1. Checking a compactness column here: for region 127-281, what do you get for Rg(Cα) / (2.2 N^0.38 Å), N being the number of residues?
2. When a footprinting reagent is the concern and you count Cβ atoms within 10 Å, what order do 575, 434 take, fewest first?
3. Can you list residues from other chains, or at least 5 along the same chain, whose modelled amide H is less than 5 Å from the amide H of residue 659?
4. Over the Cα atoms of region 452-583, what Rg and Dmax result, in angstrom?
5. How large is ³J(HN,Hα) for each residue in region 289-298, as worked out from phi by the Karplus curve 6.51 cos²θ - 1.76 cosθ + 1.60 (θ = phi - 60°), to whole Hz, x for Gly and Pro?
6. Fewest Cβ neighbours within 10 Å first, please rank 632, 18 accordingly.
7. What is the spin-label model distance, in nm, from residue 447 to residue 576 if the labels are put 7 Å beyond Cα along the C-beta direction?
8. If the chain between residue 387 and residue 482 were fully stretched, how many nm would it gain, using 0.36 nm times the residue separation less the Cα-Cα distance?
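The numbers here are math on the coordinates, done by the rules we state, and not lab data. Keep in mind that what you see is a predicted model, and the values were worked out from it rather than measured. Every residue, glycine as well, gets a Cβ built from its backbone with ideal geometry; the counts of neighbours run over all protein chains shown.
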Amino acid sequence: MTQQENSPFHAAEIAVQKRLGVADQVAQYSGGIRKAMPMQHREFFCELPFVILGLVDQQGFPWCMPLFPGAAALSGHSGFITSPTDTRLELQALPVLTRLLNLDFAPGQKVGMLGIQLHTRRRNRMNGVIAEVTATGFGIDVELSFGNCPKYIQTRELRWIKGESAALSVDSAAVVVGIAEQAKTLITQSDTFFIASRSKLMDSDPRHGVDASHRGGKPGFVKVEGDTLLFPDFSGNRFFNTLGNIESDGRVGLFFPDFSTGNVLLAAGRAEVLWDHPSVHEFEGAQRIIAVTVETSTYLEQFLPVTGELQELSPALDGTGVWKDRKPSATRTSATRTSTTSTTQTLKLVEKRRESDRVTSFYLAPDNGETIKDYIPGQFLPIEVRLPGHKQPLKRHYTLSSGRADGRYRITVKREENGVVSKALHDQVQVGDVIHSGAPAGQFTLKQNDHAVVLISAGVGITPMIAMLEGLIHEVNQGATARPVWFIHATQNSQTHLFADELAQLAAQHDWLHLHTIYSRPLRQDRINKYHDSEGHLSIELLKRILPFDHYDFNLCGSEGFMRSIYKALVSTGVQKANIYYEFFGEGSIEEINPSIPSINIATKAQVSFSQSRVSDEWSPDDGSLLAFAEKLGVTAPFSCRSGYCGACMTPIKKGSVAYQTPTSFSAEAGHALLCCAKPAEGSAEVVIDI
């Protein structure tokens, strides 16, 4: 049997993976796509109050639509789905749009299903075949089952509409050619839609069929040009199921819900992947652009039996934008990387300044002599680096580490062994080289009020803090009233202490600036009260000693573990979340912390070995999860969601034990670990992983 025959992907999906250079990596973790549902997926589907279906019509076009239970379930009770076996789902509901859309809803037809919880950002997918249809429901024989990451899902708490006001009646609806005018506003204001796609073949091969998937972005991420819709394709799990289907067949169905009114748009048309569309370089976060020419659609008012206002945009949307003729929507209360659509600018590297063994500052100025775009301290600069062997420019966002432009930008970058761009910046990019970038953007900026300011950072997380401090000094020099500022920084020792001389000089010049630096691994020559003030790790007890808890604005930036622990500690002492702002680089949200859950003890260090790869090194909490550590060491490890949702990263542990700081949605089997969330447990001096 060939590799392709043994793959869970059809030929067009594999072709897309190869085109984008990820086929070998995807093959490593394709085991997350199963021919039967794990118990956790079965339980998940059975708890859902609705699902998203992909079904084809009599002409072969896929349509995407929600499936809700009947009026008896309008109280919000779930339980209309059961799973008698791991290859079987039974649904006590029928699609109400079968007649309107002329669906080929019959036994033997392929079906795609997406289960999604908007309030938890959890989702799983299933592809199968309709087994039988009764007067009250239908059964599905499962062919493929797999989890999906929580990326780009907006948080909503759905409320069921009581009574029959939202009854799913479509008697007066009609299917029209193109897009109805009243639906275009819904599209351009949407932050969420769902897409159904199909493979060209629809035979007995489980890889051939219908797929239902989710797309999310900032309001304005879908553009309407007549009857054509354009939307960006962001970085995902790299399976490329939808893109593979588009390359295979091209026919798609779209479902746009308005969770405020219950109105929806359903459309069917033909899609094309625009691999080299000009907007790819202008739309922040876009990997490529998808164009859908809508052939038919229907606009249904008050169709949904639920409503739910947006609570929070997905943290994964940080660093993505909207189309140029749309303004961004900022809804998050905490500071996050939310960028606007940028205008490309050409910059020249004019200086490289080494800050430590692994950290370098890069000074960039316009190549054409023009004035650089202004920015607010704390914002980041999106850059593009073109490297040999990569078909597309590699995009990264680096915080601007200087508080004022002064004719050039400064970014300060840590060299990561597994970081393609950071290594290239340090090792390959030289003074005089040209780098393309977007405009500075981001919302992690100081709030304009009279609160005292606390800047808390760890490691290279100091970069936005030094910029904010310089910005405050500039304001004071311009006549603003000085606010008390506490600059608290944690690092290993004097060799990793960034901007130490600069900070010492600033503190000597401004009596309202208070520095406190903590060294976790001081060197023999590191003497307290020279560059550092205490030793060990930053804790809430130390913070209490440093400053009285008054009306402060706390600003945080550092590693995932550092951020979560400090955020949790501040909240536990009574600091209001509204007064905590952060630059968070971890998976998911920093607020995914339940104070009622006992803290799991994580090892302070451990020797971690990857037995098959014959790679071993010492792990510390700053290295993050075992998946992140594997990638740092160049070890190919399985993964998909990176958040403990899908189980794709489950790997045997041959020695030692692991722990999870927060509960995972998917439970690992005995003797296995979810690498994306697991860390060496306290007491495990050595952990051996079987990859």
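1. On the way: Rg = 17.1 Å, N = 155, 2.2 N^0.38 = 15.0 Å.
Here the answer is 1.15, to two decimals.
2. By the 10 Å Cβ count, ascending, the order reads 434, 575.
3. Under 5 Å from the amide H of residue 659: 679, 681.
4. My reading of the Cα-based Rg and Dmax gives 14.2, 43 Å.
5. Per residue, the Karplus-derived 3J(HN,Hα) values read 10, 10, 10, 10, 8, 7, 9, 9, 7, 9 Hz.
6. By the 10 Å Cβ count, ascending, the order reads 18, 632.
7. The two pseudo-label positions are separated by 0.7 nm.
8. Difference between extended and current length: 29.7 nm.
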